Protein chains: 2
Amino acid sequence: MAMPGGDLRLAQDRFVAAWGQMGTAWGISRTMAEVHALLYITGEALCTDDIMARLEISRGNASMSLRALLDWGIVTRAHKRGDRKEYFLAEQDVWVMARAILRERLKREVEPLMAAMHETRDMTRASQGRRKDYDDHHERLDELLGLFEVMEVLVQRFVGPAGEGLQAAATLLKPDEP
Amino acid sequence: MAMPGGDLRLAQDRFVAAWGQMGTAWGISRTMAEVHALLYITGEALCTDDIMARLEISRGNASMSLRALLDWGIVTRAHKRGDRKEYFLAEQDVWVMARAILRERLKREVEPLMAAMHETRDMTRASQGRRKDYDDHHERLDELLGLFEVMEVLVQRFVGPAGEGLQAAATLLKPDEP
DNA sequence: GGAAAGTTTCAATACCTTCTGAAACATCGT
DNA sequence: ACGATGTTTCAGAAGGTATTGAAACTTTCC
């Protein structure tokens, strides 16, 4: 019975805000998350000016965020016939989206950490097997490296190239619950 | 060949720095991550002053970070006989640690988001089935909610109360590779 | 009970990331 | 080739979170 029309926009705004919030909590700039949220929830191809207007952000900010989203592979360029303006479209398959995000974060943040841990371990290799404190140190590093390796395999397996794995695994897991 | 003794400390510092860096990238304060890293990698029970000295941070900061780590359940209090000072010890089982971290973040960041998405969907329920744009909007929200639900189940299943699931799953997955 | 040792809180400050706005740059149509 | 339209970059400003340092509070021991 409410007047229909404005509430869709309100709902979109709510979603954009929530998604933006989540972004900040996970180390993604709020605007970047909001731009993505807007493109996803509208499902439309929007141009930079549309985004600027809707989110009330500057051109520079919009441009930077769009570039980053393109880098992440969760937004693609689109063109409208007879219009040389560039439009942007969010990946609509949430599984593809999740894959892209996980892959990117794994590459950017987890792999450097693992490399650092390996280097850290090498720093004290000379004293290995001669002193308990050094051995304990190595074991702790190895435990952590093991954890990350397993997680990496899991992620790559589920959201890697094949992709449908996650879905299958999830349904496979559910029946076990009472 | 290198003089042994100092290099363990250097290696620990390296690890602390790397872990701290990772923290910031995932929305955890650098200091909190560093305190945790220090406690984990030394494996020792350290008191606030030890941590302050080693990390060169203020008392207030150390206190806040320790409190947060206790809240997360990845650091516990420890007492030394004949010393009324409080010491802190990091959880040494990396699987327990991972479980605690995932559980906490799920609760703090994912669940509020899901709640917001449900609310968002309810905001436009009135127009459901009457206009295509509204229906598309609902479908997009449902897709995303579905993704999060599956991920939640996965995480809860693997790192939930039972705990050893992840390890098993990982070894189960590995053989598939060529 | 009171001094000493330990712990927590909080307003002020520092720091760092994000954002703006404008200028430089690129591309297209005529 | 030139003007018009669209895009990127960047130095400076804004904003927000993390950190400090000191004061308030708590506990323990004599």
Test: residue in segment B:47-66 that is within 25 Å of A:R105 (Cβ to Cβ), more than 12 Å from DNA strand D (Cβ to nearest atom), open to solvent by less than 40 Å² (accessible area, probe 1.4 Å) and in a helix (DSSP H, G or I): no
Exclusive hit being at pLDDT below 95, buried (at least 18 other Cβ atoms within 10 Å of the Cβ) and within 9 Å of another protein chain (Cβ to nearest Cβ), set A:L173, A:L166: A:L166
Lone qualifier among B:D142, B:D135 - being assigned to a helix (DSSP H, G or I), closer than 19 Å to A:R9 by Cα, more than 9 Å from chain A (Cβ to nearest Cβ) and in contact (Cβ under 8 Å) with a residue 12 or more places away in the chain: B:D142
Per-region count, segment A:78-132, residues closer than 30 Å to B:A25 by Cβ and away from DNA strand D (no atom under 16 Å from the Cβ): 36
Single residue of A:D93, A:D83 found to be within 21 Å of A:F15 (Cβ to Cβ), of a type outside the set (A, V, I, L, M, F, W, C) and modelled with pLDDT under 95: A:D93
From B:E44, B:E104, residue being surrounded by fewer than 18 Cβ atoms within 10 Å (Cβ to Cβ) and within 14 Å of the chain's Cα centre (by Cα): B:E104
The listed residue being more than 25 Å from B:V155 (Cβ to Cβ) and either away from DNA strand D (no atom under 11 Å from the Cβ) or outside the structural domain of B:V155 (by TED's automatic domain parsing) (or both), out of B:L38, B:L70: B:L38
Verdict on B:I51 being in contact with a helix residue (DSSP H, G or I) (Cβ under 6 Å, 6 or more places away or on another chain) and under 23 Å from B:M97 (Cα atoms): yes
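Yes/no matrix, rows are residues, columns are (1) within 7 Å of chain A (Cβ to nearest Cβ); (2) touching a residue at least 40 places away in the same chain (Cβ under 8 Å):
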residue	(1), (2)
B:L8	yes, no
B:Q12	no, no
B:W19	no, no
B:W26	yes, no
B:G43	yes, yes
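The values are calculated or read from the model by the stated rules, or taken from the named source; none is laboratory data. Given the structure is predicted, the values throughout are model-derived calculations rather than measurements. Ideal geometry is used to build each Cβ from the backbone, glycine not excepted, and the neighbour counts take in all protein chains shown. Quick note on the areas: whole protein, heavy atoms, side chains included, nothing else; ligands and nucleic acids left out. Shrake-Rupley method; radii C 1.70, N 1.55, O 1.52, S 1.80 Å.
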